[in-house]
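Working notes for the structure below.
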Amino acid sequence: MTDWLKTHRYRLAVAALLIATGAMYSNVLHGPPIFDDIGYIKSNANIRDITDIHAIWHAWKHPARFVGYFTFALNYAIHGYNWLGFHVTNIGIHMVNILLVWSLVRLLFRCEQMRDDPLRPDAELVALITAMLFAAHPMQTQAVAYMAQRFASLATLFYLLSVWCYLQARLYPRRALPFFAAAGFSALLGMFTKQITITLPVAILLVEFLFVRPRGKGGRIDWRIVGGTGLFLLIVPAIFKFNAPAMLTIQHHSGSHRGDELYNMVYLMTQFRVICTYLSLMFLPVGQNLLYDFPASYSMLEPRTFWCFVLLVTIFAYGIRRVGSNRLLAFGIFWFFLTLSVESSVIVIKHVIFEHRMYLPSFGFFLCISAWLLKTFRSRRKCLAAATVIALTLAVLTYQRNFVWADDIAMWEDVIAKAPEKSRPHMNLGIAYVERSQWETAIHHLDTAIEKYGRNHAAYSNRGMAYFALGKPERAIQDFNRALEIMPDYQEALINRGNYYSYVKDYARAIADYDRVITLNPQAVEAIHNRANKYYQMKRYDRALEDYDRALALRPSFVRGYTSRGQVYSRLKKFELALDDFSRAIELDKENQSALFGRATTRFKKGDLHLALDDYNRLLELNPDHSKARALKRKLLSVLKQQSAVPSGP
């Protein structure tokens, strides 16, 4: 038994690491959608039908993230908007990446160029420490706990898997063909998950030249490999129709600091400071933030920009210098800069800094730290002890950080504490309170958002919702109109204003606003459903049914749609169709009081009195104060009593 434990101790350690990873992220399992989770997942109608590949393909403005969206659609097909399933999937992806990091480092040590490396006897230890740090570091939380950033973690999985398969093919020629094919397929999946995978062919060539290719004159360049990997460099540009000028001339108003204008050179200079910020957070993960208030750099002569540039050039030059004496360290440095290059160079992105962008580059960083620890401590036991203490400390910080990810209010309060001058966190905190029906608190934060940035259309629209809920429709319509002055095609404000017009029984204006939303977005289910409600109130039942049918075709799991259509069918005395819709709504939401009331009342009208009584009883168990249900139940019991008093025959 002792020999078995000794032989398998590293595998057991990795298994324990995976269990610990699950524990680290256990407190985020029921976390709600935050920030981009709303647009990418919760409000994205394109992911609600796993069979509609066309819709998933067009879920984003181009198909470069098709695979990521397909996994969201798969989650939705299995468990709907049960956020536990989305989080479990993200954590599972992180666990697979931990295994790939561990296995990839072990494979690197088996390569030709590493045969005389001083660290080779400690290959298993280097692999384990790298995996431990990768698993436990709190900088990974944004790529794991943030559901929408599955794009980053899943692209990393395909990236690492492709390199791993390539190494398997090069190290074991007898099984080269299937592994080369797997490497290519994984690379293709990565290219359609996130654009960062464009650097994968260069990473594979880096592995080939640093580790695989034999030394000396016998180490000829295999141009088939160079050519094959080079072809993959064309995939992402092809997705963007080889429009390099458009990519390199992008300009944005900065989402990281109000008032900054970003173009390629400004973005590049800013990234020198951003990368140094990433490095400081990797060494000391204190002050993490979802939305940093990060001013742009407009000159290389700015002291911080200049010295960050000097530091980064020095690190890269050190990597070049160590190619001959410490290939692992050099590779880690090159990997870090290579995998950051897409998001931290000249291609302008609205937000200059996001922590999830470090998820893939962090492998190179942790590889360098592992090699440094072994060089520093020399003793395996001391090195492992030091690494374990570091990993445990990081794990505690990760667990603490995940409490913020587990609650949207906690998240936005955290952002406000660290970036108090930004408008967006106040707006998002206000929206979180709107969703909780805490109207006064919501208005307070939305007021602050508007004070900090007066042209905040989303803040006006949501504040209008809060005023409307508080019984202040005049204030509400002012805010809806102001939001639409700022952004005339803002769909949420159009829907909200349509709801206001419906409230004041101005159905023509309400329908006009819903029409505008549907013209802008033919898949706007809420607007289609609301317009159907107006037609129903106007007794235009044929038009109402057309819209309900359309809404349910777009979103087959739309509970309110079935309930509303059931009411129309019941009004038209199409009782069987009504009962089908009410039953479908109850199947989707077992505690849906509107559907239960509708089905009970329809059964009462149809004469199914005992079934109607069952529904009224079930409804009153859920809501004992439902006065209409209680009154109709009394009436139904009276009818049943009369029927039982009537003689059944001679």
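Brief remarks follow.
- Relative packing of 310-319, 367-376, which averages over residues the other C-beta atoms within 10 Å, highest first: 367-376, 310-319
- In terms of overall dimensions, the C-alpha atoms belonging to segment 475-535 reach 26, 24, 14 Å along their principal axes, ordered largest to smallest.
- Each of VAL504 and LEU74 was given a label point 7 Å from its Cα along the Cα-to-Cβ line. The distance between the two points is 5.0 nm.
- Over segment 1-109 - Rg/Rh using Cα atoms and the Kirkwood inverse-distance radius: 1.12
- For segment 558-641, fraction of C-alpha pairs farther apart than 20 Å, in %: 26 percent
- Degrees, to the nearest 10: 176-191 long Cα axis against longest axis of the chain: 50 degrees
- When the Cα gyration tensor is reduced to axis lengths a ≥ b ≥ c, the ratio a/c is 1.5 or higher for segment 53-100, and with a/b not above b/c it is classed as oblate.
- A Förster radius of 45 Å, combined with the Cβ-Cβ distance separating GLN251 from LEU588, puts the computed FRET efficiency at roughly 0.50.
- Fully extended contour minus Cα-Cα distance, from LEU284 to ASP614, at 0.36 nm per residue: 112.7 nm
- Neighbour-count ranking [beta-carbon atoms within 10 angstrom, fewest first] of MET465, MET538: MET538, MET465
- Per-residue Karplus couplings for segment 597-608, computed as 6.51 cos²θ - 1.76 cosθ + 1.60 with θ equal to phi - 60°, are listed in order as 5, x, 5, 4, 5, 5, 5, 4, 4, 6, x, 7 Hz, Gly and Pro entered as x.
- Cysteines in the chain lacking a second Cys C-beta under 4.7 Å: CYS111, CYS165, CYS368, CYS383
- Test item: Cα-centred dipole of segment 558-641, Lys/Arg +1 and Asp/Glu -1 on Cβ, debye: 480 debye
- With R₀ set to 22 Å, the beta-carbon distance separating ARG110 from LEU177 gives a calculated FRET efficiency near 0.65.
- Pairwise label distance in nanometres, LYS350 with TYR298, each label 7 Å out on the Cα-Cβ vector: 2.3 nm
- Under 20 Å from a label point set 7 Å out along the Cα-to-Cβ vector of PHE209, the amide N atoms of segment 179-199 belong to 197-199.
- Gain on full stretching of the segment that runs from THR519 to ALA16 - 0.36 nm per residue minus C-alpha separation: 175.7 nm
- Protection proxy ranking for 543-555, 602-614, using the average of other Cβ atoms within 10 Å per residue and placing the highest first: 543-555, 602-614.
- The phi-based Karplus calculation (6.51 cos²θ - 1.76 cosθ + 1.60; θ = phi - 60°) puts the 3J(HN,Hα) values of segment 318-330 at 4, x, 4, 5, 8, 4, x, 9, 8, 4, 5, 5, 4 Hz, whole numbers, x for Gly and Pro.
- Segment SER325-HIS444, length gained on full extension (0.36 nm per residue, minus Cα span): 36.8 nm
- Take 275-281, 357-363, 119-125, 333-339 and order them by the average number of nearby Cβ atoms within 10 Å per residue, most first; the result is 357-363, 333-339, 275-281, 119-125.
- The orientation-averaged projected area of the convex hull spanned by the Cα atoms of the chain comes to 38.5 nm².
- Greater than 22 Å apart at Cα, pairs in LYS61/LYS418; LYS42/LYS194; LYS573/LYS641; LYS472/LYS539; LYS605/LYS633; LYS42/LYS628: LYS61/LYS418; LYS573/LYS641; LYS472/LYS539; LYS42/LYS628
Each value in this text was obtained by applying a stated rule to the coordinates, not by laboratory testing. Here the structure is a predicted model, which is why all the values come from computation and not from measurement. Heads up, the Cβs are rebuilt from the backbone with ideal geometry, glycines too, and the neighbour counts pull from every protein chain shown.
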